[in-house]
Structures are given as structure tokens and as C-alpha cells.
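The values are calculated or read from the model by the stated rules, or taken from the named source; none is laboratory data. These numbers were taken from a predicted model, which means no experiment stands behind them. No Cβ is skipped: glycine too gets one built from the backbone with ideal geometry, and neighbour counts run over all protein chains shown.
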């Protein structure tokens, strides 16, 4: 079945809307399970949907999710088949172009992407200017945003908003971003462990090259373990796209302004940087580490039921059954353990999953393992520190972001995104001159109002003082005592897991 056939609209029986205030009625067409929000405008109504829980803001042919049945398809192909049989670059082509490539087309596609893995030397110098303990996501976001300045022909601000009508120019930015993301990520990692950056190496595959840049210590014949390269490739496939998640929605909203894709990717990566999005697998890993052993699972789940703890890595906004990506990742985990040794946390994870899936409390709430539950264990077992997890997510999700960019550029209905709000503020009132205003309480750092507090006292309170400016000044002048332990040593200790593998 072609992508065009799969995208044919499915029209259902119309629904009738009646306004009981006026008696007005209207029949509304239902297409693909949705109605147009404009149907409510004829009644003088808007739609309030906090967080877009039940609102579609675009039509897309890229990814299909049926959360009730645990189905995820890219361009109509089940994710399970792609994870088992495909590669990340082939899936990237599928997402962007709608069909699987022939062998010749895939070879050309791969060559073009791998041809763009090098970054400008000035960008290397920019990355080297960061503090030794800079978060790798902060470095990645900054570097991707800076890429726009190295490719002025891609700037709509400089060249005009017509430039992306050229397929050749659009494709070149896609090749660049897919090729350079692993290089920037590897530089950010090497920066944190104080090692010189590695240049990409010709002749290696996409994830092979990434692992080479992470781990090579200068050996001319160094080649990453093929099992680990394939495991990471599958992880990238499973994270490549997931419909209109937070970062993809942010990408589309930024792209609707007409700006170049480098800025869009930087904005989307910033959204993914958040702990509720790209940091969710780290939270799941921390939970498993805290549980520690299988015998502590009943106690932990009792705390979850008492609402004193959260069950991380379970449940999803869309899935009300088993996340198909989690099942594929569980297989990948065992493949990684064959090379790196068994991580005891997998026993905790498998038993936690078994107990939770057989517990009516969690079953009734449709809490099933999601993609974050196993990915953290895999990355940790491969030697990645936790703050590299969202960076890995970004490399993979760039393919999906660019697919949405391609689709949005071709959609004539898309204008600049401008969501509506439901105003819930004060009624109309007049401006009050300064001398007639009632003194408002000053809120201090702990949230307690301190009515009548002087400005100096309020500042002292916010700074942790007691309102005595003399005492505050003395405290400010006192030397700050820090741990005698070298902070760089503490930082490196967190990063030795992967560094020791190289």
C-alpha cells in the first residue's frame, strides 16, 4: 500500500451539535475521527483543551498511534518490523519520503549523510569554550543553533522565505543535520571527560561512527563492537518519531514562522531537555537503582499506592496498553548484556514489570511499561552517563523533526501557529495612581507574605537574611566554604563508567 493510499481520509457519519441556549443545531463532518474546531465557532464558542489532550493541530501522514491497542506505525509499517529488520538511516528515509528506499537510493542517502558528519573548525572552538562541566544538552542546543551562522545560504532571514521551495537546498540541510548531530553529541561527551575530540571516520556506519568518536583513543584500527552499534541503531529507530509530542510540537510551531531548520531543531531540543520529556528514562533508571534488589519491590509498590512515591517508566499520555517500543527495547537490553555483562538492574526491572502487570491497582489505571523503562538500563550498561540520555534521544528524534518540517513545508493549509487562550483574569478596572494604592504584601522566598516589610528587609529575606542589613552585609562578606574535594574530580567520577570502556 502506498503512503498516499494509506492517507486517504476516512469519513464517518456526521455528528449533530445543538446549542441549548439558542436552539441552534448543526451537522458536522467527521474525518479520521476528528471534527474541525470551526464547527464550534458558528455557536460563538472556542475550545479549551489544556495541554492539547484532545486537540489535533495538524494533519500528518508520518506516524500512526493507536494507544488503546499498543500500535505504532511509521508510514504504515509497524515499529516492531522496523526495529527487527531496518536501520536508523533507512527509517529516516522512510519518515522523510514516505516509502522504503531501493538499495541504490539507500546507498546514496547514506553517503550524503555521512559526507556531512564533519563540522566547521570554528564550531569545534566554540564547543571547547564551554566550562569543563557544561551539561552536554546545553552544549548540543547551543551548537545546533550556531550551525545556522555557518550556513547562511539556509537562512530565510538573509535569503528570503522562498528558498525552501528548492528541494536541493532543503535536502542539503537535512543531510547536514542528520550527519552533524552525532558529531556534536560526541564532542559534548568528550568535553566532559577532558579528552580531545575525535573527527568522524569514513567507512563506518552511522552508529558505528558515533561510537568511534566517543571512544577511540587514537588507534587507527579501532572499531566499535558491532553488537553495541546495532543495539544503539535499534534504540535510535525506536526514538526516531512519535507523532506530535512536546518537542515535535515545539519544532512545528517554530517552523511555522518560516525560520531555518537549525533554529527549529535547537528549539525542539530545548523542549526535549526538560525532565518530563527527554529526562524521563533517567528518572526510571534512578528509580530502579533506588529499589536496588528484587525483594524491595513490594515495599516500593506499596509506597506508590500510598502516593508517597511515583512509578517511573510506566504509563503514557497516549498508550493505554503495552508500549510496543518497550517490548523491543527489552530484547535489545539482553543483547547488550551479552557483550557488557549482565546489569543486575534488569532483574529488578523484569520483576517490577511482572508484579505491576499482575496487580489490579496498576492494571485498572492502565499503567504499562513505556519506552523510558528499559532505555535507561541499556544506555547505562553501554557506559553512557545519565545526562547523555537526552542527547541520544535528540540524535534519533532529529529524523522525526525533519520529517515534520518537510511535511509542513508542503502543507498549504499551515500558517503561523497562533493558539487561542481562555482568559481567566480580572474584570475591567481603572489604573490607580501610586499615591492611592493599598500597599501590597511582599512575598519572601518561602512564600510567606511579610506585610510592611521594607525594601531592604525584603531583599535580605530573598537573599536568605533576616532583614538586618548590617548582618546581611557581614554574611555576604564572609568567605564561602566549599568542599575540599576537587569539584572536577567529583565531575569526572560520574563520567568514568563509559570512559573506562575505551
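Count of the range 25-52 residues, restricted to those that are under 23 Å from residue 407 (Cα atoms) and in contact (Cβ under 8 Å) with a residue 60 or more places away in the chain, is 1. Of all residues in the range 98-120, those that are surrounded by 15 or more Cβ atoms within 10 Å (Cβ to Cβ) have Cβ atoms under 6 Å from Cβ atoms of residues that are modelled with pLDDT under 95, 6 or more apart or on another chain, in 98/3.
All conditions but one from (1) under 17 Å from residue 248 (Cα atoms); (2) without any contact (Cβ under 8 Å) to a residue 40 or more places away in the chain; (3) in contact with a strand residue (DSSP E or B) (Cβ under 9 Å, 6 or more places away or on another chain) apply to residue 94; the one that does not is (1). For the range 250-276, a residue qualifies if it is part of a loop (DSSP other than H, G, I, E, B) and either surrounded by 19 or more Cβ atoms within 10 Å (Cβ to Cβ) or touching a residue at least 60 places away in the same chain (Cβ under 8 Å) (or both), and the qualifying residues are 256, 257, 258, 259, 260, 273. Filtering the range 84-138 to residues that are farther than 23 Å from residue 391 by Cβ, assigned to a helix (DSSP H, G or I) and more than 24 Å from the chain's Cα centre (by Cα) leaves 85, 103, 104, 105, 106, 107, 108, 109, 111, 112. Taking the numbered list (1) at pLDDT 95 or above; (2) more than 16 Å from the chain's Cα centre (by Cα); (3) over 30 Å from residue 59 (Cβ atoms) in turn, residue 175 passes all entries but (3). Residue by residue through the range 237-249, note down the ones that are buried (at least 21 other Cβ atoms within 10 Å of the Cβ) and either without any contact (Cβ under 8 Å) to a residue 12 or more places away in the chain or part of a helix (DSSP H, G or I) (or both). Within the range 237-249, 237, 238, 239, 247, 248 meet the criteria. Residues of the range 81-91 that are out of contact with any strand residue (DSSP E or B) (no Cβ under 7 Å at 6 or more places or on another chain) and surrounded by 16 or more Cβ atoms within 10 Å (Cβ to Cβ): 83, 86, 87, 88, 89, 90. Looking only at the range 66-76, which residues are surrounded by fewer than 20 Cβ atoms within 10 Å (Cβ to Cβ) and either touching a helix residue (DSSP H, G or I) at 6+ places or on another chain (Cβ under 9 Å) or within 15 Å of residue 403 (Cβ to Cβ) (or both)? Residues satisfying the conditions are 70, 71, 73, 76. Quick check: is even one residue across the range 347-357 in contact with a strand residue (DSSP E or B) (Cβ under 7 Å, 6 or more places away or on another chain) and in contact (Cβ under 8 Å) with a residue 24 or more places away in the chain? So far as the range 347-357 goes, yes, one or more of its residues are in contact with a strand residue (DSSP E or B) (Cβ under 7 Å, 6 or more places away or on another chain) and in contact (Cβ under 8 Å) with a residue 24 or more places away in the chain. Do we find a residue being outside any strand (DSSP E or B), at pLDDT below 90 and under 27 Å from residue 212 (Cα atoms) anywhere in the range 359-372? Within the range 359-372, one or more residues are outside any strand (DSSP E or B), at pLDDT below 90 and under 27 Å from residue 212 (Cα atoms). Total residues in the range 321-337 satisfying the condition of being part of a loop (DSSP other than H, G, I, E, B), surrounded by fewer than 23 Cβ atoms within 10 Å (Cβ to Cβ) and under 21 Å from the mean Cα position of the chain (by Cα): the figure is 1.
Looking at this structure, is residue 289 farther than 21 Å from residue 237 by Cα and either crowded, with 20+ Cβ neighbours inside 10 Å or under 25 Å from the mean Cα position of the chain (by Cα) (or both)? Yes. Only one entry of 284, 229 meets the criterion of being touching a strand residue (DSSP E or B) at 6+ places or on another chain (Cβ under 9 Å), closer than 23 Å to residue 381 by Cβ and either assigned to a helix (DSSP H, G or I) or not assigned by TED's automatic domain parsing to the domain that holds residue 173 (or both), and that entry is 284. Among the residues of the range 9-44, those that are outside any strand (DSSP E or B) and over 18 Å from residue 58 (Cβ atoms) comprise 19, 20, 21, 22, 23, 24, 40, 41, 42, 43, 44.
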